[in-house]
Amino acid sequence: MKKQFRNTKTGTALIIVMITFVATFGFTTASLMISNSALQNVNYNGAKMKSQYIANSGLEKAIGELKTRSVKAQGNWDLVDSITNLDSSFFNETFQSEGISLGQFNITITILDATDSLERTYLVESQGAVARGKNPEFAKTKVSATVRLHYDKSEGFQFSYFMNHFGWMASNSNWVFNGNMGSAGIFDWFNSPLSVNGTPQFKSFNDETGSLENPVFHTPKNDSSVNNLMEGGTISGFDIQSGGNITGQPYNEYPHQPMPKMPVINEEYFSRAREEAYSQENYIKVGDTFVSDGVYGDKQMPSNQDWQNTLLANGYQGQYEVSSGNLYLEGTDANPIEIKGSVVVEGNLIIKGKVKGQGAISAKGNIYIAGDIEYVNPLTDPSQATTQSSIENWISDNENKDALGLYAKGTIGAGGYDTYINSGSVESWLDHPSNESAEKKNGFDGMPNTNDEGEDGADSNIFNVERYTAEDSLLGRIPAGSLVGDVVPGTGEDFDGDGKNDSRIDQDDFRPRGGDDMEDKNTNYENVNLSLWGNAPISSEETLTETNRATPLNPENISSSEHNLGNLSTNSIRRLDVVLFTNKAFTSYLTGNGALIWNGALISRLEAAIVGGQWVFNFDRRLMGGGGNLGFEIPVVWQEIEISNYNTK
């Protein structure tokens, strides 16, 4: 039989088709699986990005609330810290679009460091989550950051003379300023032939090495280069005018420079100052007699039992402090004023004479410099200390010498009281157009003649400030004593931080103040009924006792012609060893013989100082780098919020 063979072409083709089909099916299936996986990855990655965006939104919300609370709480850390006690709706927020939930964030705020009264550090964490189907956390991201809120010492104390306003000097006399001159506004020299021997500036001082650190950089006038190490001279936030006759080594002009923030002396400041005064056992003595236990006028003793026993053993009892809080201090060679640390006076202060120790007096009222103020242990001549090394040597030689600071919530006057209260010359300078000081007239920068927002037009009659709102009340941002609608102190045009719309400063502002908030300008205090002033000289025949220190005397026993502020003060001041600071104004009428020697600094909002004859102003270099060599604190200012250690996971 003949064997037959099948046609294999058709079978082979079928096998090939089947293999191709299986391969194609497998490839298609794999592709679909890969595409689906990729799609899932795309969906997840998109959701992950959304979760990070949501987490960052939560972080920004928390940081914004911390910043808002810090401003509105006015240094009350308990109010800032109470952010951790807010309702859960603040910490957990759901994002929706057309009724559909897109995700949510959960905020956690932890206080990391609350040991320093001048700062707080917080850890802010925010988790953002995006839902898919029944999974509320399909994608999630956690972000965190460290937030620091703090005060720091004002750099405005790096000048011999600094006005947080219009600055000026006008004289044909031989005036010499051994230190920098500055103003936040325009500085006008009025073509005066004066001498300014400037100094460099530094932001910090290293106590261990005795060296100044972090130099300040400014660009001199007509210099196109940048980041120049500042050598010294006149520094202004605006123009420097009519300075062609100024000489000095070194002397430069630095117009349109960033200006330091200035502190405010308000109730929050006094609250910190009282706590510091009592905790550090600060005091004022005249000779061997204690005059203040750290806070004069609160009519109580410090809670520290050991310090209280020391005071009682030396005959001091807080209940005998006069209720007005007014204090009179006069030091002599035999019985100088002695001060330790920062001290508070709840009323007005009159001061003159010899001083020893290191400390600062903060007065809620006005301060009256009634005569020379002279250190028992005087400073050496600083005029040649104009470079970093020579300044460091000078600081080392003088760090233990006497130091006095006088800080006033009100005004500071020097010289014969009756003279500067009634002087037409003082009045003309206070009324000068460049010295406009009505808060609502100066605009948001606080400076006259800069044409900024709020200075001209209809806005010049509006007090532009922030006010506490119903939301602030709901969220617990309002400190005790303030209400919804009240001014948030220190905001907008409230330059002195008192929460009031202050009119133009005039001579009445230099009359002694009274009232609960020391804002009443009571002319009855002008005669200085000395039974209302602690430590005052009642008369030549009477001795001040613990009893009559608190009990008003019969006015007939007080010679008004002998014991009023006008007769207790003199125009013949020729020595001032002191650092002065006020949020309002400084004025003087000094016409004595010989040169006025001033060792220290003058920092004010504005001034109307009349000085006759020669004036030599020596900047106290111990103020440089934050004043760590003074034995008392420089007033602090609120710093910008610091955010660090941002992390995502």
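What the table below lists for this structure:
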{"read-out": "Residues satisfying the stated conditions in segment 115-131, i.e. more than 14 Å from residue 53 (Cα to Cα) and touching a helix residue (DSSP H, G or I) at 6+ places or on another chain (Cβ under 7 Å)", "value": "117, 120, 122, 124"}
{"read-out": "Unmet criterion (only one of (1) open to solvent by 60 Å² or more (accessible area, probe 1.4 Å); (2) under 22 Å from residue 580 (Cβ atoms); (3) assigned to a strand (DSSP E or B)) for residue 261", "value": "(3)"}
{"read-out": "Test: residue 111 is open to solvent by 60 Å² or more (accessible area, probe 1.4 Å), of a type in the set (A, V, I, L, M, F, W, C), free of Cβ contacts under 8 Å to residues at least 40 places away in the same chain and in contact with a Lys or Arg (Cβ under 9 Å, 6 or more places away or on another chain)", "value": "yes"}
{"read-out": "Matching residues, segment 276-299, being in contact with a helix residue (DSSP H, G or I) (Cβ under 6 Å, 6 or more places away or on another chain), of a type in the set (D, E, K, R) and within 20 Å of residue 518 (Cα to Cα)", "value": "299"}
{"read-out": "Test: residue in segment 214-228 that is crowded, with 22+ Cβ neighbours inside 10 Å and more than 24 Å from residue 450 (Cα to Cα)", "value": "no"}
{"read-out": "Cβ-Cβ under 7 Å pairs, at least 6 apart or on other chains, segment 90-101 side more than 19 Å from residue 65 (Cα to Cα) and open to solvent by 70 Å² or more (accessible area, probe 1.4 Å), far side of a type outside the set (D, E, K, R) and part of a strand (DSSP E or B)", "value": "96/102"}
{"read-out": "Test: residue in segment 361-376 that is within 26 Å of residue 213 (Cα to Cα) and within 29 Å of the chain's Cα centre (by Cα)", "value": "no"}
{"read-out": "Residue satisfying condition, being of a type outside the set (Ser, Thr, Tyr), open to solvent by 10 Å² or more (accessible area, probe 1.4 Å), at pLDDT below 90 and more than 30 Å from residue 65 (Cα to Cα), within set 599, 618, 629", "value": "629"}
{"read-out": "Cross-chain or 6+ apart pairs with Cβ under 9 Å, segment 188-206 first and assigned to a loop (DSSP other than H, G, I, E, B), then acidic (Asp, Glu)", "value": "198/231; 199/231; 200/231; 201/155"}
{"read-out": "Entirely in segment 600-649, the strands (runs of 3 or more DSSP E) that have 2 or more residues that are more than 15 Å from the chain's Cα centre (by Cα)", "value": "615-619, 642-648"}
{"read-out": "Candidates 383, 323 - the one that is of a type in the set (S, T, N, Q), open to solvent by 60 Å² or more (accessible area, probe 1.4 Å) and part of a loop (DSSP other than H, G, I, E, B)", "value": "323"}
{"read-out": "Residue in segment 398-406 that is assigned to a helix (DSSP H, G or I), of a type outside the set (A, V, I, L, M) and surrounded by 16 or more Cβ atoms within 10 Å (Cβ to Cβ) present", "value": "yes"}
{"read-out": "Lone qualifier among 395, 373, 391 - being in a strand (DSSP E or B), of a type in the set (Val, Ile, Thr) and open to solvent by less than 10 Å² (accessible area, probe 1.4 Å)", "value": "373"}
{"read-out": "Qualifying residue in segment 130-140 (condition: open to solvent by less than 30 Å² (accessible area, probe 1.4 Å) and within 18 Å of residue 255 (Cβ to Cβ))", "value": "no"}
{"read-out": "Qualifying residue in segment 296-308 (condition: part of a strand (DSSP E or B), modelled with pLDDT of 90 or more and either under 22 Å from residue 627 (Cα atoms) or among the charged types (D, E, K, R) (or both))", "value": "no"}
{"read-out": "Within segment 467-487, considering residues that are open to solvent by 60 Å² or more (accessible area, probe 1.4 Å), outside any loop (DSSP other than H, G, I, E, B) and not polar (S, T, N, Q), the one modelled with the lowest pLDDT", "value": "474"}
{"read-out": "Any hit, segment 344-351, residues being farther than 24 Å from residue 592 by Cβ, modelled with pLDDT under 90, assigned to a strand (DSSP E or B) and open to solvent by less than 20 Å² (accessible area, probe 1.4 Å)", "value": "no"}
{"read-out": "Condition check for residue 296: buried (at least 19 other Cβ atoms within 10 Å of the Cβ) and under 20 Å from residue 342 (Cβ atoms)", "value": "yes"}
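The values are calculated or read from the model by the stated rules, or taken from the named source; none is laboratory data. Remember, predicted model here, so these are calculated numbers, not experimental data. Note: ideal-geometry Cβ built from the backbone for every residue, glycine included; neighbour counts use all protein chains shown. The protein model used for the area step is the full one, side chains on, heavy atoms only, and it has no ligands, DNA or RNA in it. Shrake-Rupley method; radii C 1.70, N 1.55, O 1.52, S 1.80 Å.
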